[in-house]
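Below: one structure, written as structure tokens.
The values are calculated or read from the model by the stated rules, or taken from the named source; none is laboratory data. Note that the coordinates shown come from a computational prediction; the quantities given were computed from them, not determined experimentally. With ideal geometry, Cβ positions are generated from the backbone for all residues, glycine too; neighbour counts draw on all protein chains shown. The accessibility values were calculated without ligands, DNA or RNA, using every heavy atom of the protein model including side chains. Shrake-Rupley method; radii C 1.70, N 1.55, O 1.52, S 1.80 Å.
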Amino acid sequence: MMSQESSEQPTIMALSPARTTTLLSNLSSVTTRITIATSKCTTSRSAPRLVAVSKLKPASDILALHTPPTTHLHFGENYLQELQEKARLLPPTIKWHFIGGLQSNKCVSLARDTRALWAVESVDSEKKASLLDKGWGDRKSDMGGEEKLRVFVQVNTSGEEAKSGVDPAQEVVGLCRFIREKCPRLKLQGVMTIGAIARSKATTPENENEDFICLKEAKDRVNKELVLEGEDALELSMGMSEDFEGAIVLGSDEVRVGTTIFGDRPPKDQARVV
């Protein structure tokens, strides 16, 4: 896990001009590719939300992209301690997404103690949803955030045993119904998938990814069975560095892009927040 050098709040080290230029160029390139892919979507829609996945990258990288004139807002993290350290250091105007594997024993702290938490994207059980709901209820006002915590239900679209997520048929409907009816502090924002690596690598705007089609069908099933329309209709969170353009063409409302923006990640035991 990423560490800081002392128990006191450290100063975020300034980036070199070369690193800043690289990050801004990468973000601009991804944004352009998103715009082009959106124009190929068969339905008229705005560009999807871009979550810049900053796991194992220093806080200074994030600050470079959040600082005007770029002012990128949405950042994703996979590890609770790393997310909470960065959220304490960085401006509260950042909108944080937790996108990693969700452990039941950390759900309350994630919701209660993470400053400026905007969404949790990896909810795959009623127990975890209930614990997030409890944590959000215990949250202090100075932690920021909105009245309800946005959550996405993670769907195992590839059927791989090693992958987290609910079954894309009836399990997804049941969990979404539970969140809507039993978790008053949560806002059911949408459904999310990671999908199979092989399918991801083969995805192009012309070659449709089976995982994305499966997630889209799951979303449509939930919307129909729970009668979710207008502002209540679910979003699709699908598409990463390898395949985000193909996801957008199929209607993704949010893409999660990491290495294409930040570059290769260091080994976990060598990463530092500052």
Checklist outcome for this item: For segment 144-150, in residue order, the Karplus 3J(HN,Hα) values (coefficients 6.51, -1.76, 1.60; θ = phi - 60°; whole Hz; Gly and Pro = x) are x, x, 9, 4, 10, 8, 6
Checklist entry - Once Rh is set to the Kirkwood radius over Cα pairs, what Stokes-Einstein translational diffusion coefficient, in µm²/s, holds for segment 148-227 at a temperature of 4 °C and a viscosity of 1.567 mPa s? => result 98
Item to check | Förster radius 41 Å - calculated FRET efficiency between residue 70 and residue 185 (Cβ-Cβ, nearest 0.05) | outcome: 0.80
Checklist entry - How would 216, 57, 86 line up by accessible area, probe 1.4 Å, largest first? => result 216, 57, 86
Checklist outcome for this item: Once amide hydrogens are built 1.01 Å from N within the peptide plane, the residues lying 5 or more places from residue 254 or on another chain with amide H under 5 Å from its amide H are 49, 236, 238
Next on the checklist: If I compute solvent accessible area with a 1.4 Å probe over the protein chains, what percent of it on the chain is carbon and sulfur?
Outcome noted: 48
Item to check | Sites residue 147 and residue 109, calculated FRET efficiency, Cβ-Cβ separation with R0 22 Å, nearest 0.05 | outcome: 0.65
Item to check | log10 of Debye I(q)/I(0), alpha-carbon scatterers only, for segment 129-274 at 0.17 Å⁻¹ | outcome: -1.03
Checklist outcome for this item: Using eta = 0.890 mPa s and T = 25 °C, Stokes-Einstein with Kirkwood Rh from Cα pairs puts D for segment 1-130, in µm² s⁻¹, at 151
Checklist entry - Tell me, what is the percent relative contact order of segment 125-274, built from C-alpha pairs under 8 Å that lie six or more residues apart? => result 20
Next on the checklist: Taking only complete DSSP H runs, can you tell me which helices of the chain stretch 30 Å or more along their own long axis by Cα positions and average at least -0.5 on the Kyte-Doolittle scale?
Outcome noted: 17-39
Checklist entry - Solvent-accessible area per residue for segment 141-274 at a 1.4 Å probe radius, Å²? => result 48
Checklist entry - What relative contact order, as a whole-number percentage, does the chain give when Cα pairs under 8 Å and 6 or more residues apart are counted? => result 23
Next on the checklist: Quick check of the Kirkwood formula: for segment 123-195, what is the inverse mean of 1/r over all pairs of different Cα atoms, in Å?
Outcome noted: 12.8
Checklist outcome for this item: Sorted largest first, the C-alpha extents of segment 188-274 along its principal axes in whole angstrom are 48, 32, 17
Checklist outcome for this item: Per-residue ellipticity at 222 nm attributable to helices in the chain (runs of n ≥ 4 DSSP H, -39500 (n - 2.57) apiece, nearest 500 deg cm²/dmol) works out to -11500 deg cm²/dmol
Item to check | For segment 11-116, size of Cβ-based charge dipole, Lys and Arg +1, Asp and Glu -1, in debye | outcome: 240
Item to check | About the Cα centre, charge dipole magnitude for the chain (Lys/Arg +1, Asp/Glu -1 at Cβ), debye | outcome: 580
Checklist entry - Of 246, 22, 259, which is farthest on the positive side of the dipole of the chain, counting Cα position, with +1 on Lys and Arg Cβ, -1 on Asp and Glu Cβ, and the Cα centre as origin? => result 22
Item to check | Selection of GluC sites (Glu not before Pro), segment 142-208, meeting DSSP coil and at most 11 other Cβ within 10 Å | outcome: 146, 147, 161, 206
Item to check | Under 20 Å from residue 268, Cα to Cα: aspartates and glutamates that are on another chain or at least 8 residues apart | outcome: 5, 61, 77, 82, 85
Item to check | Distance from segment 168-214 to segment 100-120 (C-alpha centre basis), Å | outcome: 19
Checklist entry - Using alpha-carbon pairs under 8 Å, 6+ residues apart, how would you state the relative contact order of segment 56-96 in percent? => result 46
